[in-house]
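For reference, the structure discussed in these notes is given below.
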Amino acid sequence: MADHVIEVLDDAAAVARRGKDIFVEVVQAAHARNREVHIALAGGSSPKALYRLLAAQPGAVDWARVHLFVSDDRVVPMSDDRSNSGMVRQELLSADGTQKAHWHPVNADESADPDSVAREYEELIRREVPHDDTGLPAFDLIMLGMGSDRHTASLFPGKPALDEEDRLVVASPPGVLPPPVERVTFTFPLINSARTVLALTTGADKAEAFADVREQLGQQPSKTHVPAARVRPRSGKVIWVVDRAAAGS
Ligand code: 6PG
């Protein structure tokens with residue numbers, strides 16, 4: 001099985017619709033096998049429209065059997081505008097129906113020690129998410145975005161978090177991108193244990209970065225300097241859903 005698929009759609013609205021359909025398919029497939037489903041959501045602007053679509057038709061999914069996490073976040077309280085967990089709560093979990101989901105946010109005071117926040121989140125994941133036969137927690141779905149600097153989650157080019165081999169969640173100090181705040185992030189051992197990764201990216205400002213990712217995906221997985229191209233699930237697949245602007249077409 002190929003470990004990656006690239007889908008190029010007309011625009012950001014089409015990307016959100018397709019992302020929503022993939023989310024629903026993953027949940028329904030797990031439920032058809034009578035399993036609870038474990039999903040890590042992404043921050044950033046690209047998934048927001050997808051969350052709104054899900055919230056608008058909550059009956060598509062049995063939310064009481066869905067466990068939600070975030071694949072990276074800033075070390076701030078959920079009430080802070082910079083919080084990915086806060087964004088998910090507002091855009092997805094404020095609807096009747098979606099509120100039934102089991103919700104595992106990052107919710108920390110800005111003065112909290114980022115390493116402790118990361119360790120606690122990792123422990124929670126190890127406890128809550130079923131393990132695969134290598135002993136690692138395997139999410140049914142991890143959602144990610146990509147920055148124009150080619151970062152994904154909070155795995156920034158040239159930073160130590162990128163090469164982490166043991167820890168599943170680590171602290172990631174502020175990068176060059178705003179806002180300058182401490183973050184915690186899933187690492188590649190956890191991301192690449194997922195059954196499916198859904199990576200969304202839109203807009204012409206991502207075109208150069210996505211061209212690099214596409215080129216690297218055609219090669220053997222390696223420790224490339226392009227963080228987003230290291231998303232190569234070991235026994236699942238990554239689905240890149242991008243618009244024409246990001247695909248440069
Ligand atoms: C975050 C994520 C980051 C994001 C990308 C893409 O900002 O919380 O850490 O990885 O997914 O920067 O962001 P956009 O979807 O806003 O382009």
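Derivation of every value follows stated rules applied to the coordinates shown; laboratory data play no part. The shown structure was predicted, so the numbers you read here are calculated from the model rather than taken from an experiment.
Near the amide H of HIS4, under 5 Å away, which other amide H atoms are found, from residues 5 or more places off or on another chain, if H is placed in the peptide plane?
Those qualifying (amide H under 5 Å, at least 5 residues apart or on another chain) are VAL238.
Once you order the gyration tensor axes a ≥ b ≥ c over the Cα atoms, which shape class does the stretch 113-249 get: rounded for a/c under 1.5, otherwise prolate or oblate by comparing a/b with b/c?
oblate
Roughly how many whole Å is it from the C-alpha centroid of the stretch 151-209 to that of the stretch 2-79?
18
Show me, for the stretch 237-249, the HN-Hα J-couplings you get by feeding each phi into the Karplus relation (A = 6.51, B = -1.76, C = 1.60, θ = phi - 60°), rounded to Hz, glycine and proline as x.
Each residue's phi maps through the Karplus curve to give 9, 9, 10, 8, 10, 10, 8, 4, 4, 5, 7, x, 10 Hz.
Let me make sure I get this right: for the chain, a, b and c are the square roots of the gyration tensor eigenvalues over alpha carbons, sorted descending. Under 1.5 in a/c it's rounded, otherwise prolate if a/b > b/c, else oblate. Which is it?
Rounded is the answer for the chain, as its axis ratio a/c remains below 1.5.
HN-Hα J couplings of the stretch 206-220 from phi, Karplus 6.51/-1.76/1.60, θ = phi - 60°, integer Hz, Gly and Pro as x?
My calculation for the stretch 206-220 gives 9, 4, 5, 5, 5, 4, 5, 4, 4, 4, 5, 5, x, 10, 4 Hz in order.
On a straight-distance basis, which lysines could pair with LYS100 in a cross-link, Cα separation under 19 angstrom, same-chain partners fewer than 8 positions away excluded?
List returned: LYS20.
At 4 °C and 1.567 mPa s, grab the translational diffusion coefficient of the stretch 55-172 from Stokes-Einstein with a Kirkwood Rh over Cα pairs, rounded to a whole number in µm² per second.
83
With θ set to phi - 60°, apply the Karplus curve 6.51 cos²θ - 1.76 cosθ + 1.60 along the stretch 135-143 and write out the HN-Hα couplings as whole Hz, x wherever there is a Gly or Pro.
x, 9, x, 10, 5, 5, 8, 10, 9
Can you show me the helix-derived [θ] at 222 nm for the chain, built from DSSP H runs with n ≥ 4 at -39,500 (n - 2.57) apiece and divided by the number of residues, rounded to the nearest 500.
Theoretical 222 nm ellipticity from helices: -8500 deg cm²/dmol.
Shape call for the stretch 142-206 from the C-alpha gyration tensor, a ≥ b ≥ c root eigenvalues: rounded (a/c under 1.5), prolate (a/b greater than b/c) or oblate?
Cα axes put the stretch 142-206 in the oblate bin.
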